[in-house]
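These notes are about the structure you will find just below.
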Amino acid sequence: MTKHLFITGGVVSSLGKGITAASLAFLLKQRGYRVAMQKLDPYLNVDPGTMNPYQHGEVFVTDDGAETDLDLGHYERLAEIACTRNSNYTSGRIYDAVIRRERAGGYLGGTVQVIPHVTDEIKAAMRTLHAPEIDLAITEIGGTAGDIESLPFLEAARQFALEAGTGNAIFLHLTLVPYLRAAGELKTKPSQHSVATLRGIGIFPDLLVCRTEVPLEEDHLRKLALFCNVPPGQVIEELDVRNSISEVPLELARQQLDVKVLELLRLEPRNLELEPYRAWLERVLHPQHECTVAVVGKYVRCRDAYKSIYEALAHAGIARQARVRTVAVEAEELESGDPAALLGAVDAILIPGGFGRRGVAGKLRAARYAREHDVPFLGICLGMQCAVIEFARQVCGLSDADSTEFNPKTGHPVIDLMAGQRQLTDKGGTMRLGSYPCVLTPGSRAAQLYGTERIDERHRHRYEFNSAFRSTLETAGLRIGGTSPDGQLVELIELPELRYFIACQFHPEFKSRPRSAHPLFVGLIDAALQARERENR
Ligand code: GLN
């Protein structure tokens with residue numbers, strides 16, 4: 001039987017519930033438990049796929065093609081747990097299911113209500129994690145205790161725990177204990193209030209995890225335990241980590257959070273072996289080299305918009321014991337002036353995915369700069385499309401070459417809408433999404449880096465390299481490094497004359513892990529480190 005842990009948040013958002021949840025899951029996995037994870041998001045969008053990155057950060061894509069919350073990226077990276085469509089539900093998705101059932105006559109004349117119909121739908125979503133091969137399911141409830149919109153989720157969790165019975169479902173509340181600098185004091189009151197709110201809803205947290213910037217003292221722990229109705233041993237401190245989120249699991253293990261969870265769920269503690277992880281972390285924290293990568297995008301003010309990209313760059317750095325500094329370059333700023341002013345001092349250039357015309361001219365200039373100055377380059381999705389457009393314009397002389405996304409009337413649509421996309425009118429969930437196989441060209445740089453010719457990578461796009469232009473571009477020196485198994489869709493291109501110039505239609509960043517960096521990113525960082533040495537930077 002699968003046991004359940006619910007994680008709620010209090011006082012403020014952005015406390016790092018996803019990181020805490022993933023770190024705990026990692027520890028439980030290290031103890032030999034099979035763990036599944038899920039995030040419930042209170043907003044009414046059916047999924048975050050249609051949201052602007054400024055609203056919600058990056059859209060994370062799973063193998064099975066779900067467009068999800070970026071916390072799933074933490075689950076996959078930190079806990080190395082594969083997520084699916086069942087790993088993320090929004091209120092919109094829940095209501096959508098309820099309303100569709102109502103329209104189909106599924107409620108047999110009944111009045112459809114939040115309780116029990118919406119809460120039943122939420123409980124069914126929670127149960128999608130239950131399986132014979134899963135010992136423990138962790139559900140993170142988005143939002144903050146007291147928010148109107150997260151109430152149905154909390155109510156469903158309360159019912160769920162009651163039905164599951166003692167020892168089968170528990171609650172962990174992540175809260176903030178703020179430090180008031182002027183008074184030189186830590187304050188427990190906000191946490192007391194947020195737990196009081198939860199208790200009003202009928203949820204009595206079993207564990208309290210306190211985010212704090214200064215260590216809690218015995219007195220604070222006692223006070224938190226007393227006012228929050230939690231045994232003192234079940235109050236855990238989660239101090240801000242100094243260097244890397246990879247330190248969080250060790251911090252939680254030191255206080256035996258994982259053991260406490262297992263005790264409450266009446267599961268054996270089993271053995272925990274953290275030495276290899278500690279040794280690995282030591283290397284992470286003490287890099288021997290460094291390099292700088294420019295990320296040319298249009299949401300550069302918001303680091304979360306390119307979360308997995310920055311993570312994947314850091315992972316490749318870890319693989320080479322290098323600190324990777326990133327410079328976020330606003331694509332529009334490259335549209336005028338000399339690109340060398342912004343790109344002259346970097347060791348590599350990366351153009352990530354994106355949508356819409358804004359900033360594209362700047363991205364084209366960045367791709368051109370990389371090609372003309374032989375700066376190591378990785379283009380991802382829109383980044384590949386820009387590299388192709390730039391090559392067609394400057395090298396093949398097709399001066400109006402473009403993507404029909406930006407110029408539907410171009411005479412040279414080197415990037416064009418996929419056939420299946422033309423009739424679509426709905427924007428949500430209708431792109432080419434999720435994992436697709438790709439066959440790499442024997443002898444290509446990519447095949448060399450991957451060490452295999454058959455790969456699977458995740459996608460999220462509507463437009464494709466237009467095969468009508470394949471031979472024109474190939475004749476001019478562009479190499480098709482990978483295609484769909486039927487050879488129809490171009491998935492990866494290279495400029496073999498250059499030191500490192502690779503661009504792919506898929507999103508390699510989603511499959512990079514701290515302890516197994518992605519080959520295309522490792523290739524980029526290797527090339528960047530060499531460039532730096534060459535330039536004597
Ligand atoms: N806008 C482009 C497309 O839809 C690229 C998408 C992306 O970069 N994720 O094909």
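Every number here is computed from the coordinates shown, using simple stated rules; none is lab data. Just so you know, these numbers come straight off a predicted model, no measurement behind them. Cβ atoms come from the backbone with ideal geometry, glycine included; neighbour counts cover every protein chain shown.
Points to keep in mind about this one:
- Listed by Cβ neighbour count within 10 Å, with the fewest neighbours leading, 277, 75 appear as 277, 75.
- Most simply put, the chain has about 35% antiparallel DSSP beta bridges, counting only bridges with both residues inside it.
- Kirkwood Rh (inverse of mean 1/r, distinct Cα pairs), the stretch 187-259, angstrom: 12.9
- With contacts taken as Cα pairs under 8 Å and at least 6 residues apart, the stretch 270-330 reaches a relative contact order of 48 percent.
- The stretch 152-229, relative contact order [Cα under 8 Å, separation at least 6], %: 35
- Residue 226-residue 254 FRET efficiency (beta carbon distance; Förster radius 25 Å; 0.05 resolution): 0.60
- Given charges at Cβ of Lys, Arg, Asp, Glu: the chain dipole, positive-most of 428, 284, 394: 428
- Once C-alpha pairs closer than 8 Å and six or more residues apart are averaged by separation and normalised to the residue number of the chain, the relative contact order reads 15 percent.
- Rounded to 0.05, the FRET efficiency of the residue 239 and residue 164 pair, given R0 = 30 Å and the Cβ-Cβ distance, is 0.40.
- Whether the stretch 147-269 is rounded, prolate or oblate, judged on the alpha carbon gyration tensor where a/c under 1.5 counts as rounded: oblate
- Placing +1 on the Cβ of every Lys and Arg and -1 on the Cβ of every Asp and Glu, with no other charges, gives the chain a dipole of roughly 180 debye about its Cα centre.
- Shape call, the chain: gyration tensor on alpha carbons, a/c limit 1.5: prolate
- Here's the picture: charge each Lys and Arg Cβ at +1 and each Asp and Glu Cβ at -1 in the chain, and of 201, 339, 315 the one pushed furthest to the positive end of that dipole is 201.
- Taking each residue as 0.36 nm, the span from residue 422 to residue 113 lengthens on full extension beyond its C-alpha to C-alpha distance by 107.4 nm.
- For the residue pairs 17/123; 39/409; 189/511; 223/260; 39/187, alpha carbon separations beyond 31 Å are given by 39/409; 189/511.
- CD proxy at 222 nm, helix term only [per DSSP H run n ≥ 4: -39500 (n - 2.57); per residue of the chain; nearest 500]: -10000 deg cm²/dmol
- In a simple Cβ point-charge model (Lys, Arg +1; Asp, Glu -1; nothing else charged), the stretch 247-290 has a dipole of about 160 debye relative to its Cα centre.
- Length gained when the stretch residue 104-residue 323 is fully extended (0.36 nm per residue, less Cα-Cα span): 73.2 nm
- Summarising the strand pairing of the stretch 1-141, around 10 percent of its internal DSSP beta bridges are antiparallel.
- FRET efficiency, residue 183 to residue 54 (Cβ-Cβ, R0 30 Å, nearest 0.05): 0.30
- Cα coordinate range in the stretch 17-114, projected on the principal axes (Å, largest first): 50, 34, 23
- A simple packing score, the average count of other Cβ atoms within 10 Å per residue, orders the peptides 483-496, 359-372, 521-534 as 359-372, 521-534, 483-496, with the highest score first.
- 0 to 90° range, to nearest 10: angle between helix 218-228 axis and the chain longest Cα axis: 80
- Charge dipole of the stretch 236-391 (Cα centre as origin; +1 on each Lys and Arg Cβ, -1 on each Asp and Glu Cβ, all else neutral): 380 debye, rounded to the nearest 20.
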